[in-house]
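Heads up, the thing below is written out as structure tokens.
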């Protein structure tokens, strides 16, 4: 349904015929970690996340999985090579 509280005119999953069904009935502003995210939208009341009504919860246990400005780093480790087997492979 279309939001009638803070994000007026935008689609909201928590909006019902009785009003906002989210905890407290209002969306919360973005936190400092959300600065630079592509999902942050500026409204007349402030900056809000377009995907999450309470961004602080998404950042509680690590980086937000919806953040567009955070890249996941994958650690690659070098496998230990047996020098005897490596010398046999090189002689082929």
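One residue is enough: does the range 50-66 have a residue meeting the conditions in contact with a helix residue (DSSP H, G or I) (Cβ under 7 Å, 6 or more places away or on another chain), in a strand (DSSP E or B), within 19 Å of residue 13 (Cα to Cα) and modelled with pLDDT of 85 or more?
No; the residues of the range 50-66 include none that is in contact with a helix residue (DSSP H, G or I) (Cβ under 7 Å, 6 or more places away or on another chain), in a strand (DSSP E or B), within 19 Å of residue 13 (Cα to Cα) and modelled with pLDDT of 85 or more.
Looking only at residues in the range 23-36 that are out of contact with any strand residue (DSSP E or B) (no Cβ under 9 Å at 6 or more places or on another chain) and surrounded by 13 or more Cβ atoms within 10 Å (Cβ to Cβ), which one is farthest from residue 3 (Cα to Cα)? Steps first, please.
Keep residues of the range 23-36 that are out of contact with any strand residue (DSSP E or B) (no Cβ under 9 Å at 6 or more places or on another chain), which gives 23-24, 31-33, 36.
Now restrict to residues that are surrounded by 13 or more Cβ atoms within 10 Å (Cβ to Cβ): 31, 33.
Working: 31: 21, 33: 25 Å.
Per the criteria, the residue is 33.
Which count do you get for residues in the range 67-92 that are under 30 Å from residue 6 (Cβ atoms) and either touching a helix residue (DSSP H, G or I) at 6+ places or on another chain (Cβ under 9 Å) or assigned to a helix (DSSP H, G or I) (or both)?
Result for the range 67-92: 3.
The values are calculated or read from the model by the stated rules, or taken from the named source; none is laboratory data. Everything numeric here is computed off the predicted structure, so don't read it as measured data. Neighbour counts run over all protein chains shown; Cβ positions are idealised from the backbone, glycine included.
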